[in-house]
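Right, one structure below, let's go through it.
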Amino acid sequence: MSKENIIVPAGKISSTKDKITLQLEIPGASKDDLDIIIENKLLRVEGQKQMPDFKNGWLHRERRMGKYVKEYTLEDEVDENSIKATMDKGVLTLTVDIKEKAKPRKIAISG
């Protein structure tokens, strides 16, 4: 019985006053290999990279194969309906807008 190989992709998160950007490194994966799911404030990226079946077996293998999984909890200040995803050269980029009411604003002093 074989154990499923779970791969947690390396990630990077950056933000501006208007949006949050999440980037995940998933080399060799295409957009068709991945699912992005939002449920109960949880953003989940998952996918599967299958091992090619070679009749003669492997002499040497360094590529990681298996199931990709990464989860992020979305805070109340993000607009989960604004999430956009792009894939370029093995990097999945997700951008999420910050709600207008959550953005910092300057208060004028009267008097």
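Below is a table of values for the structure above.
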item	result
Residue ID - surrounded by the most Cβ atoms within 10 Å (Cβ to Cβ), chosen from residues in region 76-88 that are over 18 Å from residue 17 (Cα atoms) and not aliphatic (A, V, I, L, M)	86
Hits in region 89-111 - residues which are without any contact (Cβ under 8 Å) to a residue 40 or more places away in the chain, in a loop (DSSP other than H, G, I, E, B) and either of a type in the set (Lys, Arg) or surrounded by 10 or more Cβ atoms within 10 Å (Cβ to Cβ) (or both)	89, 99, 105, 106
Restricting region 1-39 to residues that are farther than 30 Å from residue 101 by Cβ and small (Gly, Ala, Ser), the residue that is modelled with the highest pLDDT	10
Condition met for residue 13 (touching a Ser or Thr at 6+ places or on another chain (Cβ under 8 Å) and either part of a strand (DSSP E or B) or in contact (Cβ under 8 Å) with a residue 40 or more places away in the chain (or both))	yes
Close pairs from region 40-57: first among the aliphatic types (A, V, I, L, M) and at pLDDT below 90, partner surrounded by 10 or more Cβ atoms within 10 Å (Cβ to Cβ) and in a loop (DSSP other than H, G, I, E, B), Cβ under 6 Å, at least 6 apart	51/65
Residues that are touching a helix residue (DSSP H, G or I) at 6+ places or on another chain (Cβ under 7 Å) and closer than 17 Å to residue 66 by Cβ, drawn from region 27-47	47
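The values are calculated or read from the model by the stated rules, or taken from the named source; none is laboratory data. Note that the structure is predicted; figures quoted are calculated from it, not measured. Cβ coordinates were reconstructed from backbone atoms using ideal geometry, including for glycine residues, and neighbour counts include every protein chain displayed.
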